[in-house]
Every structure is written in structure tokens, then in C-alpha cells.
Amino acid sequence: MNVALYARVSTGRQENEQTIETQIMAIKDFCKQKGHTIIKEYRDEGWSGTILARPALDELRIDTSSHIWEAVVIYDPDRLARKYSYQELIIDELADKNIPVLFVTTPAPKDDTDKLLYGVKGLFAEYERARIAERFRLGKLRKAREGNVVTSQAPYGYRYIVKTVDKHGYYDIDQFEANIVKMIFDWIGNKKLTIRKLIKELQRLNIHPRKSKRGVWSSGTLSNLLKNETYIGKTYYNRSIAVVPKVPLKMEKYKKVKKSSRTLKPKEEWISIPCPRIIEDGLFYKTKNQLKINFELCERNKKNEYLLADKIRCICGSTRAGEGPQKGKHLYYRCTSRVKNYPLPSKCYERGVNARIADKLVWDKVSTLMSSPHLIKDQAKRYIDQLHDKKADTTVIEALSKQLESIKEEEKRYAKAYGSQLISYSQFESLAKDTRARGIGIEEQLQQLKIEQQKTHFSLPASGDIASFCKKALEVIDNLDFNSKRAIIREIVDKITASQKELQVYGYLPILKEDNVKYISECRDCRVAECG
């Protein structure tokens, strides 16, 4: 039988130790014994099993439609996914295409009883992993509350001495880096330098940060260093929590870490841990106050109105930021490459774009589109045609119905497991509660689709109504204040690529969203309407 091979490791350490090669070797031995021929290999190196969107796994699922192989061989179920629900999802998806999944360590279930036991085993494995993670979390909390440093990376100025048999890990002062830290605080607190002047001075003295691809201090790194209370003998644990970023910097299809951003917890939840002091309290708080003064006096923080801020980019790929030389007399959008690369030379030589001209050009075009009778009529017709032709997506309904049946079957398996005394009543109640909740959610989605089918369809407004609407819209648009214009630009514009020669605007006008446009009949009861 022609088969595909799938292997996965989750960490860089596992990659270095070549555990994926060990998996593949075991799979090849298994295929040799069974007489299978491996047609293609799929590898996800450095991907967690709790993430379903993985490059090689997605490629494997797409390739099932081409039928270039007849089965998939995987070393162990947890190599496919760390969550039992994910395992079942993929196995059922492949089974629908008559492609079995073979595991080296676990024989394929022969009947319903084997399948039930396999499912219970997967759930208990997932439960055990959750228990291990919780034990690690509680262990770290206990260590922190006992005054032990819980980290793997020390701040600049310290070394982290790892745990030994008779002593927990702790911070020790790195004398060379500590002297630089003292010098940095002195330059800001006593000599009243700004952070940018500080960066220039550090570069002149050839003093580099511990980790940097460019070998240059960034303003963010120095700002965090100057606010870090570790230097006055207080470090913290449980200070922040990992979260999924609301506005990610990179829109990637595949992410190894979903929770790539962090947010601070309430200060009462922080656990204070004593550590060696480098800076005196007086200098630390003096420096903190000077940073506040520098921010308030900085010319770049004077407020100017930039309509396209956060949306306009340079042709080199960097963002453009508003800058108002001569105290706002002239406003420009300049490439931030020169700021990011400071004090090194800028990699971009594009000149600034006049902000007032760029704002006017973009807003005039947007207002023209928003008040165009022909455009609105064409889009209204297209929207209404879609409403008339709109039918519930049968694929989605079938998928949801099948998922609902699967959940009901899952609930029956839990009941059988409880009846066979494989699990306790409390475990059965917990599992059944979660299953019921998922079932209710899917039923609500199916109900919503039925409601969508019964929606009333609109008819196309008359040309005179559209022209009247556009005339009123233009009057409103002409009288909008800056904040209202800014809100509209943020809503409809995705990106603007700008040079001194041209502006390329990317976005869309959500004119015919149901929450933006309502069909209203005006003057229905007037004499003209009655005569008509």
C-alpha cells in the first residue's frame, strides 16, 4: 500500500536533538514490516500539537483530494495533535475520503468498543497534560512566594545563576554591565540627556546591548531598562500574561505561537522578589521623573492633525509618520526608517510627502466615491441581486449537522464509559457538560442560517431617491470635523503606499452593509405621493 508519512516536534530543543528523525526511522521500520511504500513525507518541525493550523499538516489534508497515497502513517496520536478533539477531526476528515490513519504505537480500533477505549485514552492523556502544566504553574508560584527568582533570562546588568542541588536560581550582578547601567541612569537623571542623545553617546563609546542584530540600542529597550525596578532590588513574578494580539504586527497564515503578546496583570497580583541592588532609589525615581519631562518637552509630541496616520506607508515597506517642522507650519509624512535605524544611516532615501496635500487628495476621492449616484446604484443593484439569489450554504449546513451528530455520538460514548465504570460520575458530568455546551452552540448556528433564509428582500430604490440621498450625503461630508473624517478613513482604508509622485490607496467602502444603510421612504403621506 502506498502511504504518506507525517511527523511533528514542538520545540527547538527537540529539533536539535533530532527527535523527528527518530520518529521517521520508527515509521519507516513499521512500513517495511507491513510492506507499505512511503510516497511522500510531511514534517512540522517546531510546531505545538495544540495548534491545528500547521504548514505540513495543511498540505497533507489538501493532498488527500489527489489520492496520491492510500493511508497516512504517524508515530503516535499525540504527534498528530495534543487535543483529542483535533485528532478526531482530522481522522474523521480523512476517513470520509477512505484514507485510514495508522499509528506505530497504537493499533487501529477494530470495533466501536476499541474506538470508545481509544477516545477515553486520548481524553485522559489530554487531562494528564493539563494536570502537569498546572503543577508546573503552581510550583513556580510557590518558588516565587518563597523569594526565589523564577526566570531563565536576567536583565542587563545581571547574570542568572541556575539552580543547583542545594540552592535555587538567583540573580548575580555582572560588574561590567552594572557599570554601564549606572552610567545610563546618571546620563538621564543627572545630566538630563534625552534617550536619543543617550543612544548616540552609547554608539560613540562602542557600547552594545546584549542582544541586537544591528548592535545598536533601541529607544524601547532603554526606556524599559530605565523603568525596571529590578535595579533598585525588586524584581517581580506573575507580572504579565500571554495573550493573542488584537492588532498583530504581522498577518501570518501560520503562527507557531498564538499568544505572542503580553498584557500586565493588576499590581496586587504581582509577586515581589528581592534581588541585588545596582541603583539607589533617589537616582531611579529622579530618572523616571526626567523621562516624563523629556516626553512633555519633546517637539515631536506636539499635536498636529494627520488624517492618514497609521495607514500611510513608504514604498520601501516601512511606515510613514507625521512630522511638523517649524512648529507645525509644514506637515510631512516621513519614512520611519531613519528613526528605526538611528544612529545608523537610514536605508531609505525617499523624501517626505506633504501631509496637507496627501490628506486633501485622499479625502476628496473618498468623498466623491461616497456621494456618487452611479456607484451607489450599481452597488445597490449588485447587493440586492445577491440577496435574491442568496441561499444557505449547503456545505456549511451539512458540516454543522454532521458535527452535531458527532457530538451526540460522543455524548453516548461518555454514557457508555460511565455505564461500564470506566470513568466516575464526576468525570462523566464534566465531559458531558462540555459536550452539551458545544452542541448548543452548533444548534444556534444552524438556527441562525434558517433565519437568514427567511429574511425579507429589498427592492432597488428609484434613481431620484438615490440622487437625493447623495446630495444630502455630500452636505454632511463637507461639514465633518477632523475626528469624524479620521474615523471614516480608519474604517474604509486598509493601506496607502506613498511617494512624492503618487499615492496608491487600498481599501473598500462598506456602503451597503445592513448596519450602515437603511431604506427609508420619505414623504410617503404627502399630497404628491397620494396623487401619484
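Bear in mind these aren't lab numbers, they're just calculated from the coordinates by the rules spelled out. Since this is a predicted model, take the numbers as computed values, not measurements. Every residue, glycine among them, receives a Cβ derived from its backbone with ideal geometry; neighbour counts consider all protein chains shown.
Values as computed for the structure displayed
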read-out	value
Rounded, prolate or oblate (a/c below 1.5 giving rounded, otherwise prolate when a/b exceeds b/c) for region 2-108 by Cα gyration tensor	oblate
Gain in span if fully extended, THR263 to THR151, counting 0.36 nm per residue against the direct Cα distance	38.6 nm
Rounded, prolate or oblate (a/c below 1.5 giving rounded, otherwise prolate when a/b exceeds b/c) for the chain by Cα gyration tensor	oblate
At R0 = 51 Å, FRET efficiency that the Cβ-Cβ distance of VAL162 and ASN304 yields, to 0.05	0.50
Amide H contacts of LYS265 (H built 1.01 Å from N, under 5 Å, at least 5 apart or other chain)	SER240, ILE241
Too-long pairs where the Cα-Cα distance tops 26 Å, listed order kept, from LYS329/LYS501; LYS292/LYS340; LYS258/LYS292	LYS258/LYS292
Fraction of antiparallel bridges per DSSP, the chain only, in percent to nearest 5	55 percent
Gyration tensor (alpha-carbon) shape descriptor, region 91-135, a/c threshold 1.5	prolate
Integer Hz, Karplus 6.51/-1.76/1.60 couplings in order for region 286-293, x for Gly and Pro	5, 5, 4, 5, 5, 4, 5, 5
10 Å Cβ shell holding at most 15 others, DSSP loop, GluC sites (Glu not before Pro): longest site-free stretch of the chain	281-501
ARG196 paired with SER66, simple spin-label distance in nm, labels 7 Å along Cα-to-beta-carbon	5.4 nm
Average Cα contact separation per residue, region 158-297, under 8 Å, 6 or more apart, as relative contact order %	28 percent
